[in-house]
Amino acid sequence: MDWLPEGIVPSPEAVARSWRTWIFGAATRSLSPYSGTWSGAVLHSAERVIEGFGLATLIGVPLGLLIGWSRRTSDLVDPTIQLFRPVPITAWIPFALAFFGIYDASAIFLVALGAFFPIVVNATQGARDIDILLLRAGRMMGASRAVELRSIVFPAAMPSIFTGLRLGVGVSWTAVIISEMVAVKSGLGYALWDAYYVGRMDICVATMISFGLLGFLSDRLILLCWRYAAPWRRIGASR
Amino acid sequence: MAADWREPMTAAIEIAEVWKRFNRAGRDVDALQAISLTIQANEFVAILGPSGCGKSTLLNMVAGFDHPTSGAVRVNGEAVTAPSPRRGVVFQESALFPWCSVLDNVTFGARQQKRRPAEYLPKAAAILEQVGLSAFAAHYPAELSGGMKQRVGLARVLLMAPQVLLMDEPFGALDAQTRSLMQELLLEVWERNRQTVLFVTHDIDEALLLADIVYIMTARPGRIKAVLSIDLPRPRTVAVTTLPGFSEMKTQIRALIRDEAVRASTEV
């Protein structure tokens, strides 16, 4: 690996060693910020992702279904959503800082905002793509508007909703990194930026791999929920 | 040929001077022209016509999914404005809820009507038995064959005990053997309940086998070309298709339809 500039790319052994210390702590007492602090950083970041992503799901899924199902809601809300959607999440940082300050709320806001758009757009599409015959069958059997939304449109849109959730959780991790770089002073994103400033590329690489693992795990978790939430799809899939 | 020799009974379905006009690419196209027909209670009526003649549009208007451009549709004297559990529909594609088990699909209507499980569950079990699906109550639609799905579609409507049964080519997508089994099942069910049925099909044999009265429709624009009373003895089985009267009527209808089919196929 001679062609790599000296001192920029750490060796795998160095990364593994530093990461172990970061996770389990040094054998001797250490003042290093990278001794035994990894799990705390992960928890901080994960908490922000869970809260922001959870908020985006709680608002985005019902709102998306309503937009896709009701023409009136669509006319009322959809133009506003489409207006805000192209604004990159990074462009919101100054606004978030001014509004929420250097607190968790800023990070959670940015995560929620980033995850909201893929979630709401996919839920909308799922509700719009529903087979008209299913709606007719429900109405023919006397389903009220509320039952139609809850018991027909919602399950029918489930595949799209979960696509939105998977995309949304990916954006959540991106948003948590940037918000921890600039808005709050804890978490993996903060560790990444801080390690860069003090020239600890081994820690930077360990953080990148950590994010990769967390992203992978959260995606798996959503897939697991999908399988649990849609048992009828397992039959179709096995054919 | 018309059914006026019958005793006057309550008209279950009344279609009066119904027109349906679509706007296609800036041009007005008549899908239905001046359709008038009356279906008495407990009658099995088939509407026979080539694809694209507007017969499904007509059925959708009786169901309340679609509305005439002009004219009126009444069921038991009441103008149809929206879908209602009093008018049960069996669709060409089963239109079952994929996320509901067979039993949950069948009882969906009963649950909307706030009926008590103690009342509707035994009935649902009896109807599933009748359509031969008792062993499949817990299965999802994805696990069923096309014929079984249509039986679920029929069962869920039967449990609602509607005033009229509307069937939109319900066996059109099935293979010939399954279709003839389904026709026998429907005859059996009909003998038991004697419900008013409006049955839409493009299959001459099917219309003759099932119906008391057959309305023959023309292709675009849809009009009623002829009405035939089918005097085959009931209860019927597929065996009636071998009766001499059956093939005579078939020949008669074929002749009526041929001009239509030719005309439709030469149109662009």
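Go through the range B:159-255 and tell me which strands (runs of 3 or more DSSP E), entirely inside it, have 1 or more residues that are touching a residue at least 24 places away in the same chain (Cβ under 8 Å) and hydroxyl-bearing (Ser, Thr, Tyr).
In the range B:159-255, the matching strands (runs of 3 or more DSSP E) lie at B:196-201, B:213-217, B:224-229.
Given A:Ala237, A:Ala230, A:Ala195, which one is within 14 Å of chain B (Cβ to nearest Cβ), open to solvent by less than 30 Å² (accessible area, probe 1.4 Å) and at pLDDT below 95?
Going through A:Ala237, A:Ala230, A:Ala195 in turn, the sole match is A:Ala230.
Given the structure, is A:Gly189 farther than 15 Å from A:Phe162 by Cα, in contact (Cβ under 8 Å) with a residue 40 or more places away in the chain, away from chain B (no Cβ under 14 Å) and of a type outside the set (Val, Ile, Thr)?
In short, yes.
Does A:Ala175 satisfy being within 14 Å of chain B (Cβ to nearest Cβ), open to solvent by less than 10 Å² (accessible area, probe 1.4 Å) and either part of a helix (DSSP H, G or I) or touching a residue at least 40 places away in the same chain (Cβ under 8 Å) (or both)? Give the steps one after another, and end with the answer.
Details: within 14 Å of chain B (Cβ to nearest Cβ): no; open to solvent by less than 10 Å² (accessible area, probe 1.4 Å): yes; either part of a helix (DSSP H, G or I) or touching a residue at least 40 places away in the same chain (Cβ under 8 Å) (or both): yes.
Judged against the criteria, A:Ala175 is not a match.
Okay, residues lined up against (1) at positive phi; (2) free of Cβ contacts under 8 Å to residues at least 24 places away in the same chain; (3) surrounded by fewer than 19 Cβ atoms within 10 Å (Cβ to Cβ):
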site	(1), (2), (3)
A:Thr124	no, no, no
A:Leu133	no, yes, yes
A:Met140	no, yes, no
A:Val147	no, yes, yes
A:Ser151	no, yes, no
A:Phe154	no, no, no
A:Ala157	no, no, no
A:Ser160	no, no, no
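Hey, among B:Leu59, B:Leu96, B:Leu121, B:Leu103, which residue is at pLDDT 95 or above, in contact with a Gly (Cβ under 8 Å, 6 or more places away or on another chain) and not polar (S, T, N, Q)?
B:Leu96
Any chance the range B:93-101 includes a residue that's more than 10 Å from chain A (Cβ to nearest Cβ), open to solvent by 40 Å² or more (accessible area, probe 1.4 Å), in contact with a Lys or Arg (Cβ under 9 Å, 6 or more places away or on another chain) and in a loop (DSSP other than H, G, I, E, B)?
Checking the range B:93-101: not a single residue is more than 10 Å from chain A (Cβ to nearest Cβ), open to solvent by 40 Å² or more (accessible area, probe 1.4 Å), in contact with a Lys or Arg (Cβ under 9 Å, 6 or more places away or on another chain) and in a loop (DSSP other than H, G, I, E, B).
Among residues belonging to the range B:65-81 that are over 18 Å from the mean Cα position of the chain (by Cα) and either under 16 Å from B:Val164 (Cβ atoms) or open to solvent by less than 60 Å² (accessible area, probe 1.4 Å) (or both), point out the one that is nearest to the other protein chains (Cβ to nearest Cβ).
Here the residue is B:Thr81.
Scan the range B:106-122 residue by residue and report those that are surrounded by 23 or more Cβ atoms within 10 Å (Cβ to Cβ) and at the interface with chain A (Cβ under 9 Å from one of its Cβ atoms).
B:Phe108, B:Gly109, B:Ala110
What tally of residues in the range A:214-230 results from selecting those that are closer than 12 Å to A:Gly170 by Cα and in contact (Cβ under 8 Å) with a residue 24 or more places away in the chain?
Looking only at that region, the number is 5.
Being of a type outside the set (A, V, I, L, M), more than 13 Å from chain A (Cβ to nearest Cβ), assigned to a helix (DSSP H, G or I) and open to solvent by less than 70 Å² (accessible area, probe 1.4 Å) is the filter here, so list the residues in the range B:123-148 that pass it.
Those that are of a type outside the set (A, V, I, L, M), more than 13 Å from chain A (Cβ to nearest Cβ), assigned to a helix (DSSP H, G or I) and open to solvent by less than 70 Å² (accessible area, probe 1.4 Å): B:Gln130, B:Ser134, B:Gly146, B:Gly147.
Is it fair to say A:Asp129 is closer than 24 Å to B:Ser101 by Cα, touching a residue at least 24 places away in the same chain (Cβ under 8 Å) and open to solvent by 10 Å² or more (accessible area, probe 1.4 Å)? I'd like the intermediate steps shown before the answer.
On the way: closer than 24 Å to B:Ser101 by Cα: yes; touching a residue at least 24 places away in the same chain (Cβ under 8 Å): yes; open to solvent by 10 Å² or more (accessible area, probe 1.4 Å): yes.
Yes; evaluated as a whole, the condition is true for this residue.
Select from the range A:116-170 the residues that are within 22 Å of A:Trp232 (Cα to Cα), within 7 Å of chain B (Cβ to nearest Cβ) and basic (Lys, Arg) and list them in ascending order.
Once the filter is applied, which keeps residues that are within 22 Å of A:Trp232 (Cα to Cα), within 7 Å of chain B (Cβ to nearest Cβ) and basic (Lys, Arg), the range A:116-170 yields only A:Arg136.
The values are calculated or read from the model by the stated rules, or taken from the named source; none is laboratory data. Because the structure is a prediction, the values reported are computed rather than measured. Here Cβ is always computed from backbone atoms with ideal geometry, including for glycine, and neighbour counts include all displayed protein chains. Keep in mind that these areas ignore ligands, DNA and RNA; they rest on the heavy atoms of the full protein, side chains included. Shrake-Rupley method; radii C 1.70, N 1.55, O 1.52, S 1.80 Å.
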